[in-house]
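Okay, so here's the structure we're looking at.
The values are calculated or read from the model by the stated rules, or taken from the named source; none is laboratory data. Owing to the predicted nature of the structure, the values given are computational and were not obtained by experimental measurement. Using ideal geometry, Cβ is built from the backbone for each residue, glycine included, and neighbour counts are taken over all protein chains shown. With ligands, DNA and RNA removed, areas are computed over all heavy atoms of the protein, side chains included. Shrake-Rupley method; radii C 1.70, N 1.55, O 1.52, S 1.80 Å.
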Amino acid sequence: MSSSDNLKRWFRGADAPQAKSAGPSKAAPRTTRRCIGLGELLRNLKSAGEQKLCVLDLGPTSPANIAFLTEMGARVFNEDVLRESQDPSYLVKQEDGSLQIDPSKFFVENLNYAPDQFDAILCWDVPDYLPESLVKPLVERLQVMLKVKGNLLAFFHAKDAGPESLYSRHHIVPPDILELEPIQGFRLQRIFNNRHIENLFKDFASRKFFLGRDNIREVLMVR
Amino acid sequence: MWKARPEDNKPVSVNPPQPAQPASPLAATSTTPSTPAQAPVPQKETPKVMEPHRADVGHIGKSVSIRGELTGSEDLYLDGEIEGTVDLRDHSLIIGPNGRIKATISARDLIVHGRVEGNVNATGRVELRKSCTLMGDVATGRIVIEDGAFFKGAIDIRERDDNEAKPETRKPMAAATSAGSGMSSGTGSGISYNAASGTQGSFLDPK
């Protein structure tokens, strides 16, 4: 199989047009799951003894997360990267005539932070849904923004559950439970296997994998 | 010599005169002129739609557009467009659903229904309602975010004074209140960063 076929297989649906509007699904109820990675991330934050924690949440705005993190004494930053990636103003025409998001344009207005700023980044499952052109630049940027020994939590689907693999807003329910609120309008773009994840996050000092029963791999990266 | 004015010939209404209304255009009460030569008929109690924001607060309507510095020493309901700075210091600011603000905001309390682009500094409390979009850094004592509100930026909860009342707590998800002991506000997102350019090399390639 050629490498382009591999790419097409891995990045299935990358060319599929995404729904124009994204909003919470009324049909799909919220579900909860235990998140070992989150529990470990929070333990790491507490043991770091940092007084002024800075935490970046890359998911849709969650009042629960903001409440929980600010009560911890953290300064909370929120950027809904996936929603921002839907903005057509970032699209640039490629040589082959197709439209693709220009990362340099995108990152001028998004994730524009100083290096070594964050103690933790909650990436959730954003990389699985993000347009392909943004995935690698995003990870590179997150790595730079994270402090040394800072933690990054990301989720990856272990298999494509089709329409059931809805993008979700993650609400933290302390100490290590996540409430998932499905959001319609985003389609799973690809399935990463473990080797892809290791390549993608190769600049991080360590990667810990936790496989859940719901076919979600939680990965806790430490810079 | 005193000359009778034409108004003096008018029959005197039995009803006592209405108290003078405040000059503010906010007053939602209507004064109905008393009809001459009419017996005092008990008037129908029409339910007054008193919007709370119209009672004693300044009001900037949705057709108003302001560019520059807006300061005041009273509460303000703002439903128009503003570009510049808004400084109400010890007073409350309500941004209505039509409000479009591109400004740095200083107030005691802030309630946002509309759209705000700019940093917010509130000594009291900030409420982001479900229809709101706020893009900027928020430094406040307390914050309430309704489900559905869009927020992009940093939230910095200021350290409370010892004599300040204990913050209320609400159930998460519906409306979350946070009141942690925080840190002094800073400007986290103001530093530029060189974006990675060029097309993406595949991260699937073996290293």
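List the trypsin sites (Lys or Arg not before Pro) within region A:106-174 that fall in a DSSP loop (any state other than H, G, I, E or B) and whose Cβ has at most 15 other Cβ atoms within 10 Å. Could the numbers behind the result be given before it?
Numbers: sites: A:Arg141, A:Lys147, A:Lys149, A:Lys159, A:Arg169; in loops: A:Lys159.
Sparse-neighbourhood loop trypsin sites (Lys or Arg not before Pro): A:Lys159.
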Quiz item: Taking 0.36 nm per intervening residue step and subtracting the Cα-Cα distance, what contour gain separates A:Gln51 from A:Lys202 on full extension?
Solution: 51.5 nm
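So which of A:Lys46/A:Lys202; A:Lys52/B:Lys152; A:Lys147/A:Lys202; A:Lys147/B:Lys130; A:Lys105/B:Lys152; A:Lys93/B:Lys102 end up more than 24 Å apart by C-alpha?
On the way: A:Lys46/A:Lys202 26 Å; A:Lys52/B:Lys152 20 Å; A:Lys147/A:Lys202 16 Å; A:Lys147/B:Lys130 33 Å; A:Lys105/B:Lys152 18 Å; A:Lys93/B:Lys102 31 Å.
Over 24 Å apart, Cα to Cα: A:Lys46/A:Lys202; A:Lys147/B:Lys130; A:Lys93/B:Lys102.
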Quiz item: In square angstrom, rounded to the nearest 10, how much accessible surface does B:Ser73 have for a 1.4 Å probe?
Solution: 100 Å²
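Pull out a ≥ b ≥ c, the square roots of the eigenvalues of the alpha-carbon gyration tensor of region A:172-223, then state rounded if a/c is under 1.5, prolate if not and a/b is larger than b/c, and oblate in the remaining case.
Working: a/c = 2.06, a/b = 1.29, b/c = 1.60.
The shape class here is oblate.
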Quiz prompt | Spin-label pair B:Arg67/B:Glu83, simplified geometry with 7 Å Cα→Cβ offset, distance in nm | solution = 0.5 nm
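Region A:21-128: which trypsin sites (Lys or Arg not before Pro) are DSSP loop and have at most 11 other beta-carbon atoms within 10 angstrom? If you can, show how the numbers build up before the last one.
Numbers: sites: A:Lys26, A:Arg30, A:Arg33, A:Arg34, A:Arg43, A:Lys46, A:Lys52, A:Arg75, A:Arg83, A:Lys93, A:Lys105; in loops: A:Lys26, A:Arg30, A:Lys52.
Answer by residue number: A:Lys26.
Taking Cα pairs under 8 Å and at least six residues apart, what relative contact order does chain A come out at, in percent?
Details: 398 pairs, mean separation 62.0, N = 223.
Taking the mean separation of contacting Cα pairs over the length of chain A, I get 28 percent.
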Practice problem: Multiply the residue gap between A:Asp116 and A:Phe210 by 0.36 nm, knock off their C-alpha separation, and tell me the result in nm, one decimal place. | Solution: 31.2 nm
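In deg cm²/dmol and to the nearest 500, what is the mean residue ellipticity at 222 nm of chain A if only DSSP H runs of at least 4 residues count, each as -39500 (n - 2.57), divided by the residue total? Show your work: numbers first, answer last.
On the way: 8 runs with 66 residues, N = 223.
Computed ellipticity for chain A at 222 nm equals -8000 deg cm²/dmol.
Residues of chain A: accessible area per residue at 1.4 Å, in Å²? Write down the numbers at each step before the final one.
Details: 9870 Å² over 223 residues.
Averaged over the residues of chain A, the accessible area is 44 Å².
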Practice problem: Kindly tabulate the residues in region A:48-70 with an accessible-area decrease of at least 10 Å² between the chain alone and the assembly of all protein chains, using a probe of 1.4 Å. | Solution: A:Lys52, A:Thr61, A:Pro63, A:Ala64, A:Ile66, A:Ala67, A:Thr70
Practice problem: Mind listing the long-range amide H neighbours of B:Cys132? Cut-off is under 5 Å, sequence gap 5 or more, other chains count too, H placed in the peptide plane at 1.01 Å from N. | Solution: B:Phe150
Quiz item: What percentages, rounded to whole numbers, describe P(r) for region A:73-137 computed over all alpha carbon pairs with 10 Å bin width beginning at zero?
Solution: 17, 49, 26, 7, 1
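Considering only protein heavy atoms and a probe of 1.4 Å, how much of the accessible area of region A:72-223 is carbon and sulfur, as a whole percent?
Values: 2890 of 5840 Å².
Carbon-and-sulfur percentage of accessible area, whole number: 50.
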Self-check item: For the pair B and A, total buried accessible area rounded to nearest 100 Å², probe 1.4 Å
Solution: 3800 Å²
Practice problem: Would you kindly find the accessible area of B:Met135, with a 1.4 Å probe and non-protein molecules such as ligands, DNA and RNA excluded, rounding to the nearest 10 Å²? | Solution: 50 Å²
